[in-house]
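All remarks here apply to the structure that follows.
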Amino acid sequence: MNQDQTTGPTIAPETHSSSQDLLKASLLAESLLEFSSEGILVLNRTGGIENINNTACGLLNVDQSESIGKSVADVFNAYHPTTHNRIDLSDERYRNPQLAAAQAYVSNKQGQQTHISFQLRPNTNTVYPELSGALLFIRDLSENEITEAQIRLIATALKSIGEAVIITDTNWNKGDARILYTNDGFTEITGYSESDVIGKGLSLLNGPNTDQSVIDEMVEDIEQGQTTAGESVGYRKDGAEFILAWKIFPVYGRPGEITNYVVIQRDVSQIRRLEQDLFQSQKMEAVGRLAGGIAHDFNNILAVILSFSDLVLDKTDDTNPHKTYLEEIRKAAERAADLTQQLLSFSRRNKNLKPRILDAVAVTRDMQKILQRLIPEDIRFHLNFKESPIHININRTALEQILINFTTNARDAMPNGGEVSLSIQDCNADESDKLLPEYMERQDYMVLTFQDNGMGIDQNTQRHIFEPFFTTKETGKGTGLGLSTVYGIVKQSNGHIEVSSEIGQGTQFRIFIPAINVKRDEEPKQVAPGNNNSLSSKSRERILVVEDDETMCDCISGLLVQYNYEVFSTNQAEDALDFFEQPEPPFDLLITDLLLPRMKGSELAKRLLEVAPEMKVIYMTGYSDEMLVDFDLPDDAVVLKKPFSLKSALTAIQSMLRT
């Protein structure tokens, strides 16, 4: 090719390549500037703005096109956070390239301030020094402040939450991860401060009664990356046991990588005690119902034995050698009846009953055998009662519960034997005024004193002894409800309770309950039994007997016939109603059991009295007195308690028929 055929200059390949690289670099710089999360201002040597990205425009509240070419001093209107002086970037301290980012605040047109950090860095061009300048970097710190505030809020919440929060490392070998953080709830529950446990293993809360199998299952779940939860016995710093409910879950850093574990713990001791007490209460209620039912059926049997024994004894001459055997049979039945009443007394403990006026001396004497059975033979029991009655207004079951609680506590305080004394005496108004606190009313009181020579109680324990759930007994041997229940009963009776004790010298409890002045003529009158001939009917009155137990029904009917009564009997309330529809002479007396298969005896009596209002009624029951509240009985109702003797039944019948 000839030289004159060339149409233009030839471009060197290197020059073309350099232009492309320069263009790429320029585009890359623009992209970095535009998409940077920080605000960036490109400054020339004189401080003029050559470029500014959108982030910087937003933070400084300026327009991009209007800012380019202006001095940075005109655009960067920032103020010192403490002195509130305007920032001067020409100040030498801001031009030092080694200086870390400084802080300031800028304001928008609405006056709202934004907290920022800024840093001025040199932008040196060694090839073209005249193109050198600086870069101003601006960062919005408001989001950091919000995040930090949230972190502080969470940290405060973690510190003050009632549950224990623990952060551990990932070394769960044998359940002994190292503790890195604990909150105040942990200290409150366990007694350990944060400095006590940081760097130590979580197993410091374990002890002799901690179930290791539960810990092993926990570690197995953790090693599989699962959240785990459970309960175990823990130990506080002072060595006290408590029931610890816990939940453990992992904390992830990078995907799939567990960096720590968070342990949430709660003290559920009181909840479990309440559940146990509820279960025990339900169990005792069931036992009480069973005891009451057994006693009821057994009383029917005993009533038959006693009644026929009385009848045979009445027909047996004193010279008959078999009379002694009959008397022994009757005595055995009476002892069985006494045991049945004791069984009923326990069944009554499950009822919330109203107080009534009773003789505290008589009730305590009745409980004597039960109390003596509660203590072993190596503990001597001394009883000292006032001879005359002392009446108080209290529920019988509540008084029995006081006696039982004091007796069992004394027994537990004397594992190697000792002595217990129980005394019931009266205290007149003058004496009570000297013995009782000022807030107690000046009046007569019954004083129940319970004394043992056991191990005694220290002063600190005495201050808490009546608090619910407070107990000094080993786990499983006491609920801490006994003395608190006694305290509640005494206070409900407007009484006063006090304790005095010394270590090694035994303990004395003394209870004051207001005495009730019962006149002689208000006390229950005992009807003289008389001889059996005087108990026979002279008018042959008509009696209707309604008793669902066939043997008992036949027994009562047969005995009444023997004593010259005209008797009609049935096992069903419906049959009794049918008797009154027949044109027969009216009945003089209805004797009915309180609990019949399809109708209460009280309801039957009410319906029959509507037909025959002149008829008298006697009720029978084998249940305890407190069961009577379940029946709508008149205030003057006569109730025969099974097992009753022949003479008591005949006496009650004659007494009713004569009124």
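Numbers at a glance
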{"quantity": "In range of the label at Arg335: residues from the range 302-327 whose backbone nitrogen is under 15 Å from the point 7 Å along Cα→Cβ", "calculated": "325-327"}
{"quantity": "Sequence-distant residues sharing a close amide H with Tyr181 (under 5 Å, placed H)", "calculated": "Ile167"}
{"quantity": "Solvent-accessible surface (1.4 angstrom probe) belonging to Leu141, in square angstrom, nearest 10", "calculated": "20"}
{"quantity": "Relative contact order of the chain, defined on C-alpha pairs under 8 angstrom at six or more residues apart (%)", "calculated": "8"}
{"quantity": "Model label zone, Asp378; criterion: amide N under 16 Å from point 7 Å along Cα-to-beta-carbon; scope the range 391-431", "calculated": "410-420"}
{"quantity": "Over the chain: helical MRE at 222 nm, DSSP H runs n ≥ 4 each giving -39500 (n - 2.57), nearest 500", "calculated": "-12000 deg cm²/dmol"}
{"quantity": "Segment Arg95-Arg540, extension gain: residue separation times 0.36 nm, minus the distance between their alpha carbons", "calculated": "147.2 nm"}
{"quantity": "With every protein chain in place, the range 103-227: carbon and sulfur % of accessible area (1.4 Å)", "calculated": "48"}
{"quantity": "The range 87-171, dipole about Cα centre (Lys/Arg Cβ +1, Asp/Glu Cβ -1), debye to the nearest 20", "calculated": "100"}
{"quantity": "Extended-chain gain in nm, criterion 0.36 nm per residue less alpha-carbon gap, Gln150 and Gln103", "calculated": "14.8 nm"}
{"quantity": "Residue-wise HN-Hα coupling along the range 196-202, computed from phi with Karplus coefficients 6.51, -1.76, 1.60 (Hz; x: Gly, Pro)", "calculated": "5, 10, 4, x, 9, x, 5"}
{"quantity": "Average Cα contact separation per residue, the range 65-169, under 8 Å, 6 or more apart, as relative contact order %", "calculated": "16"}
{"quantity": "Gain on full stretching of the segment that runs from Asp636 to Asp317 - 0.36 nm per residue minus C-alpha separation", "calculated": "111.0 nm"}
{"quantity": "Calculated FRET efficiency for the pair Thr170/Leu27, C-beta based, R₀ 60 Å, to 0.05", "calculated": "0.80"}
{"quantity": "Simple spin-label estimate for Asp184 and His115 in nanometres, 7 Å along Cα-Cβ", "calculated": "2.4"}
{"quantity": "Folded to 0 to 90 degrees: helix 269-315 orientation relative to the chain principal axis, Cα", "calculated": "10"}
{"quantity": "Anisotropy class of the range 395-438 from Cα gyration tensor, a/c 1.5 cut", "calculated": "prolate"}
{"quantity": "Heavy atoms of Phe385 accessible to a 1.4 Å probe, total area in Å² rounded to 10", "calculated": "20"}
{"quantity": "Largest-first principal axis extents of the Cα set of the chain (Å)", "calculated": "171, 68, 51"}
{"quantity": "Positive-pole candidate from Val639, Asn517, Ile215, dipole of the chain, charges at beta carbon", "calculated": "Asn517"}
{"quantity": "Area of Asp267 that stays accessible when all protein chains are in place (1.4 Å probe, Å², to 10)", "calculated": "60"}
{"quantity": "Ranked order, Thr316, Thr485, Thr407 - accessible area, probe 1.4 Å, largest first", "calculated": "Thr485, Thr316, Thr407"}
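The values are calculated or read from the model by the stated rules, or taken from the named source; none is laboratory data. A quick note: this is a predicted structure, and the numbers were derived from the prediction, not measured. Positions of Cβ are backbone-derived with ideal geometry, glycine not excepted, and every protein chain shown enters the neighbour counts. Each accessible area value is taken on the protein alone, full model and side chains, heavy atoms only, with ligands, DNA and RNA left out. Shrake-Rupley method; radii C 1.70, N 1.55, O 1.52, S 1.80 Å.
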